[in-house]
Structure formats: C-alpha cells, structure tokens
1. Rounding to the nearest 10 and keeping the result within 0 to 90°, find how far the Cα-based axis of helix 2-22 lies from the longest principal axis of the chain.
2. With each run of n ≥ 4 DSSP H residues scored as -39500 (n - 2.57), what mean residue ellipticity at 222 nm is computed for the chain after dividing by its residue count and rounding to the nearest 500 deg cm²/dmol?
3. When a/c reaches 1.5 or more, the comparison of a/b and b/c decides; with that in mind, is the chain rounded, prolate or oblate per its Cα gyration tensor?
4. Among 56, 117, 30, which comes first, then next, by fewest other beta-carbon atoms within 10 Å?
5. Explain nothing, just the number: relative contact order of the stretch 138-237, from Cα pairs under 8 Å at least 6 residues apart, as a whole percent.
6. What is the order of 86, 160, fewest Cβ neighbours within 10 Å to most?
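A short reminder: the numbers here are calculations on the coordinates, not readings from a lab. Given the structure is predicted, the values throughout are model-derived calculations rather than measurements. As a convention, Cβ positions derive from the backbone with ideal geometry for all residues, glycine included, and neighbour counts pool all protein chains shown.
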C-alpha cells in the first residue's frame, strides 16, 4: 500500500510538472483567489481502504493470518479554508466516507461461514483538520503537499451490539483517530479552482472490539487492526 501510494504520488507530480512547463499561459484565472482570508468548497472522491493487522501470542494458533479484501468506496464532504500565510492554509474538511471489506481468518478450521466475515462495512463521519503547504503559483497551477489528523465516527461499527463473533457479528470501535498525508495540485479555472489530490490515511488507535467470550478464535490472535487506505480527492473551491 505504501509503495503504491508513493509511486502514484511521484507520477502525479511528474505529469503536472511537465504539463505546467509545456502549457504556460499569460492569462491568469481568478488572480485574487489566494488573497482571500476564508473560502469554502466541496469535494467528491473514491477510496480504497485496507486493514493493517498485527498479531500477538495466543492459545488459538501459532500462525494467525487474516486476509483482507478491500472494495472501492465513495467520499463526499465540505471544505472550510483559512489562509495562515501565502503558502500555508488550515483546512477543515468534514465528510462522509463509505467502503467495505471481506475478512478471511485463514487459520480457523471448520465451515467457511465461521472463518469469513463479509461486508465488514464502514460508513463514517470523517472530520479532518489539515495543513496545506503550497508552492508559489505558476500561472494557473499550484502544487502542494498536505498533512493532518482526523476524528472518525464509525456508524456501522457494531461496538454496542451484544452479539459478538460467536453470533456472527464482527465488531469495531466507534470512535477512531487517523492521520493522513497527501500531494496534489490546484488548477485555477475561469469560474472556480479545481484541486485534485491523492491521500494516504492511517489509523492511530486499535479499531477492533474484542469478543466478550474468551478464548475467541476470531479476536484473541489480533494485537492491532487499523485502517490504511488511499483517497482520490477532487475538490471544487
């Protein structure tokens, strides 16, 4: 996942660097846009979220292995941007994110229904606070990098569900903290600024909720389970 993110980011920068050199123009769209103290917008995008899984010594198995099969999801939200410096902006980007995953506990013997948790879904409120560091504007383009932290409320976590994996219910924590990093470019168009970016998102805390019954073949071998993923983020400001 990390190698994929770095490779895509490099290609992204290279493509727009070449584009900006070959297509320079003397006409600047929205020349005063970056002088605004506040501005607003919205974003749309796609995501592909995985889980990082670490294991711990347990009485169930010596070789725990959980296979995670992610699916492509959708994200949408709003943007509030505060100009701190001509090259630094503080952004609040609340939004909704959906995705789902299939978990296969390979080490569990027995019927497939007992070792697979399908459609482990996440529909969550994503509340990131982002610092955006931009270069100086080059005609109608402006590359940037960003980083920040977020609070995520998982509406489909099942945390308060009294049924655990012994009843077929995979549970996760409702409240989680993430950090994210990204790279992108502002493109100044006649009526608005279009800002595509690629972002990596990573969980800070352990998101799994352990089964109430112990020993549990599903959760006892897991020391840490946390989101990691890639967002394609298309902003309109």
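1. 10
2. Numbers: 2 runs with 25 residues, N = 237.
The per-residue figure over the chain is -3500 deg cm²/dmol.
3. prolate
4. Least crowded to most crowded, the residues run 56, 30, 117.
5. Numbers: 198 pairs, mean separation 27.0, N = 100.
Reported relative contact order: 27 percent.
6. Values: 86 11, 160 8.
Lowest to highest Cβ neighbour count: 160, 86.
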